[in-house]
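Enquirer: The structure follows.
The numbers here are math on the coordinates, done by the rules we state, and not lab data. For clarity, every value in this text was computed on a predicted model and none was experimentally measured. Cβ sites come from the backbone with ideal geometry, for glycine too, and all protein chains shown count toward neighbours.
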Amino acid sequence: RQFILVLTFLVIGGYAVGQDFRQQYERAREYYAGKKYELAMEVFRQLMVYAPGNPYPEHASFYYALCSYRLNYKPLAKSTMMGIRSTYPSWQRMDEVDYWLALIYFEQGEWFQAMKALATLKPDDEIRNLKSNFLHKIGDPEILRMLLEDFHDKEVARQLIQTLLAQA
């Protein structure tokens, strides 16, 4: 009889903990949607830690990084995204992690790292626009040549041609 009572408390306790994680995650997402990034970061930070019954560490880490980015804490956003890459390499949203890493690298003028982050992504209009928005900022044709040599990318080739024509 005591065994059944203990088992019942364990099951109910585990359910309550799971519900608490879900409620915290939903609250953090509401803060994020409402652009209350500081509040969202605090709740996401609590959910980033692996704990039995917590299904949200990857998602919480991702949104924590996005909040950091939105608050202009870009080094923190970058390191959090890099942490996701190393800790959860097979996470189903890794393409989004790579996209955000590329954006941060581009903004920091780290052209080669940005292109490397984008290299595994399937090219689409959003990726092409991201590249063209930042590649035009490279005024040095030698950097563009090296990027083209390393990545064999059409957007890089297009920008190299435009840069060379503008200098002619």
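Enquirer: Using the 2.2 N^0.38 Å rule of thumb for compact globular proteins, work out how region 15-92 stacks up: its C-alpha Rg over that value, please.
Expert: Against the empirical 2.2 N^0.38 Å value, I get 1.05 for region 15-92.
Enquirer: Taking Rh as the Kirkwood radius, which is the inverse of the mean 1/r over Cα pairs, what is the Rg/Rh value for region 58-111?
Expert: Numbers: Rg = 10.2 Å, Rh = 10.8 Å.
Dividing the radius of gyration by the Kirkwood radius yields 0.94.
Enquirer: Kindly give the semi-axes, whole Å and largest first, of the ellipsoid equivalent to the chain, taking each as the square root of 5 times a Cα gyration tensor eigenvalue.
Expert: Values: eigenvalues 394, 49, 23 Å².
In descending order, the three semi-axes are 44, 16, 11 Å.
Enquirer: Contour minus end-to-end for residue 49 and residue 150, with contour as 0.36 nm per residue of separation and end-to-end as the Cα-Cα distance? Don't jump to the answer; show the numbers that get you there.
Expert: Working: separation 101, 0.36 × 101 = 36.36 nm, distance 3.73 nm.
Length difference between fully extended and current span is 32.6 nm.
Enquirer: I'd like to compare 50-56, 65-71: which one has the highest average count of other Cβ atoms within 10 Å, and what's the full order after that?
Expert: On the way: 50-56: 13.0, 65-71: 20.7.
Taking the mean over residues of other Cβ atoms within 10 Å, the ranking is 65-71, 50-56.
Enquirer: On a full-extension model of 0.36 nm per residue, what is the gain between residue 129 and residue 161, subtracting their alpha-carbon distance, rounded to one decimal in nm? Kindly include the intermediate steps, with their values, before the conclusion.
Expert: Details: separation 32, 0.36 × 32 = 11.52 nm, distance 1.72 nm.
Residue separation times 0.36 nm, minus the Cα-Cα distance, leaves 9.8 nm.
Enquirer: Helix-only estimate, please: 222 nm mean residue ellipticity of the chain, summing -39500 (n - 2.57) across DSSP H runs of length 4 or more and dividing by its residues, to the nearest 500.
Expert: Working: 9 runs with 129 residues, N = 168.
Only helices count here, giving -25000 deg cm²/dmol.
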